[in-house]
Amino acid sequence: MNGPAFTTLPNVAADAGLGLYVALILVSVAMAAFVCRRLVHAMWSSLGVEDVDGDVEGGKYDSVKKEGDGRQSLAIASSESKVGEVTDEVIPDATTDKEGLTHREHDHQEPGEGDSLITSKDKSEEKMHLTQPLLEKTSIVGQSLEAYGKDGGYYAALAMVASALALALAQMMLCAGVVDEMFVALGGKSCALGWPSVDDDGESSSSWIYCSTHASMKPFMGTGAPVSLVSIGWIIGASASVAMGTVDLDDLVSLQYFLFGCLVLSAVRFSFVLTRMSNALGGEAGADSAERMLVAEEVGGGSAVEWLVGPNPFLTIGPIMFNFAFTVTSPSSVCLAKKETTAYKALGMACVVMGTIYAMVGLTGASVSNAVKNGMFEGETDSNLLSLIMMSGGKDGASMLDLCIIALFGFSTVASIPVYCLLAKETLITDAGVPPFPAFLLSNVLPWVLVALTYNAAFFDAFVNWSGLLILGYTNFSMPLLLDLKLKTVRAARAMGKKIVSSDDGMTTKITKSVLILVTASITSVIVISIADSVTFAAVAFLLTAGLMAQLKF
């Protein structure tokens, strides 16, 4: 679950309309679950390349043989053979021979001391290592290396780093905003250090310190502060996340389960508060926030949300994709599963849980978001989810319980930042060849510098939308499906002439290709309409992309 895009959901639901919003969530859940299924299959089918368990001309791939020069070969034993006997063997370099595998017969002989045939004990140990995918070989970058070679792995590494940093930047912006918001709510104000600004009359301010008493996700907006700020929230968030960035990624797995529980608890409480605020807007059993509302007729707007399609449907695709952008981080979890079915069922269940939470928060907060945008809350313009919760208590602000929930939500965002930063750092070191210290600076320090430079800018929603479309949409939905199709061809070519049992059939391949074409063309068309604001151009982009994708040979 991605906290930054999560906080934009009330606004997204208002822009999309209730019917379209629910439809988009359902489609996204189905799409994400399907992509996860194909990703898991591609990862676990790598075991079939290294430790095949299918019939081969009356024999079976028995184990992987390690040649003296580091090459691999597959030992094949017939069903009648005894331990210590070899009946058939696949020629070494099977995994790299472009002409496929050559099967040959040879005489039975007892293995000598220097032979590479694995004994019963060694064979069990070897198979133990092959019961789970290896992360370095089956991650998105690892699959790209296998499918498209060194160049493919390089471009995939760049895409993964961009995806991880996009997710991290959004989390960092949210984290700093939450901490500053809590300082205002509990201490009365929050302050920041910034370059002296120039007012509308051209006069320069001599002060380097800017303070705000407004509790929202953009506390310094409207205070005359410059775009670049180093706030108290920024200092606390950056210090905590950079310190946690030095921890090994494996040590954060248990923490992620706890943080997910925090997010679920926060979502339930937020939905309850938003429902109460919506009831007040509708004139039902008044809420504390009713005293801060203006009459709709006086401001020329209202809180009603369109039932089917809202005013800005195309601005909602990016944030929703951002919310389901977890594919880039899932391979590390998949490799921990003991069975393939366990891995994809867990990811599928995660998609369902996230979809339920997203629908709940968006639907309950849409009317409140509309009310803020239409001026029904005096002095309020920020329709971010956390800003809405801060309005729930009227002039007294949010209740102590809600402040604690917001703090819990903020903590979960702080602790999840190192996951994305570590993913980017490991990719830079392992796949891009960047030395450890520069990789640490690029992945853990540089993003916080960028946040400080743009902290008071009003483009958080735009960042979530465009990063979701341009980066996360393709890398999380299109790339795994493309790799799944390509790897089928590559792995089949390696085992040419051999019968390898697979759970996939021709229909699965056709469905995967159709989904790949549909998803990629849809993302492209949404990007075009967001830029050109033309349905005609978007339709042309959809057809061109679909046509080009259909011509691809896997």
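Of all residues in region 223-235, which are in a helix (DSSP H, G or I), open to solvent by 30 Å² or more (accessible area, probe 1.4 Å) and free of Cβ contacts under 8 Å to residues at least 60 places away in the same chain?
Across region 223-235, the qualifying residues are ILE232, ILE235.
Mind listing whichever residues of region 212-222 are of a type outside the set (Phe, Trp, Tyr) and either over 22 Å from GLY394 (Cα atoms) or touching a residue at least 40 places away in the same chain (Cβ under 8 Å) (or both)?
ALA215, SER216, MET217, LYS218, PRO219, MET221, listed by residue number.
Go through region 380-407 and give me each residue that's part of a loop (DSSP other than H, G, I, E, B) and either modelled with pLDDT under 85 or open to solvent by less than 40 Å² (accessible area, probe 1.4 Å) (or both).
Across region 380-407, the qualifying residues are GLU380, THR381, ASP382, SER383, ASN384, MET391, SER392, GLY393, GLY397, ALA398.
Could you please let me know if VAL305 is in contact with a helix residue (DSSP H, G or I) (Cβ under 8 Å, 6 or more places away or on another chain), modelled with pLDDT of 80 or more, in a helix (DSSP H, G or I) and among the β-branched types (Val, Ile, Thr)?
no
Checking CYS335 against (1) closer than 24 Å to TYR474 by Cα; (2) modelled with pLDDT of 90 or more, only one condition comes out false. Which one?
(2)
I'd like the residue in region 308-332 that is in a helix (DSSP H, G or I) and open to solvent by 80 Å² or more (accessible area, probe 1.4 Å) and, out of all such residues, is modelled with the lowest pLDDT.
Restricting to residues being in a helix (DSSP H, G or I) and open to solvent by 80 Å² or more (accessible area, probe 1.4 Å), the top hit is LEU315.
Does region 262-279 include one or more residues that are touching a Pro at 6+ places or on another chain (Cβ under 7 Å), modelled with pLDDT under 85 and within 30 Å of LEU446 (Cα to Cα)?
Checked region 262-279: no residue is touching a Pro at 6+ places or on another chain (Cβ under 7 Å), modelled with pLDDT under 85 and within 30 Å of LEU446 (Cα to Cα).
Working only within region 20-35, note down all residues that are open to solvent by 30 Å² or more (accessible area, probe 1.4 Å) and within 22 Å of THR364 (Cβ to Cβ).
LEU20, VAL22, ALA23, LEU24, LEU26, VAL27
Checking LEU39 against (1) modelled with pLDDT of 90 or more; (2) open to solvent by less than 30 Å² (accessible area, probe 1.4 Å); (3) farther than 20 Å from GLU146 by Cα, which test does it fail?
(3)
Any residue at all in region 515-522 that's more than 30 Å from TRP44 (Cβ to Cβ) and at pLDDT 90 or above?
No, every residue in region 515-522 fails to be more than 30 Å from TRP44 (Cβ to Cβ) and at pLDDT 90 or above.
Mind listing whichever residues of region 333-378 are outside any helix (DSSP H, G or I) and either crowded, with 21+ Cβ neighbours inside 10 Å or of a type in the set (D, E, K, R) (or both)?
Passing the criteria: LYS338, LYS339, MET376, PHE377, GLU378.
Looking at region 532-554, which of its residues are β-branched (Val, Ile, Thr) and surrounded by 13 or more Cβ atoms within 10 Å (Cβ to Cβ)?
If the condition is that a residue be β-branched (Val, Ile, Thr) and surrounded by 13 or more Cβ atoms within 10 Å (Cβ to Cβ), then VAL540, THR545 are the ones that fit.
At least 3 residues that are open to solvent by less than 60 Å² (accessible area, probe 1.4 Å), touching a residue at least 40 places away in the same chain (Cβ under 8 Å) and within 30 Å of ILE209 (Cα to Cα) in each: list the helices (runs of 4 or more DSSP H) lying fully within region 411-528 that qualify.
Fully inside region 411-528 and qualifying: 446-453, 460-467.
The values are calculated or read from the model by the stated rules, or taken from the named source; none is laboratory data. Keep in mind that this is a model prediction, so the values were computed, not measured. Every residue, glycine as well, gets a Cβ built from its backbone with ideal geometry; the counts of neighbours run over all protein chains shown. Surface areas here come from the heavy atoms of the whole protein model, side chains and all, with no ligands, DNA or RNA. Shrake-Rupley method; radii C 1.70, N 1.55, O 1.52, S 1.80 Å.
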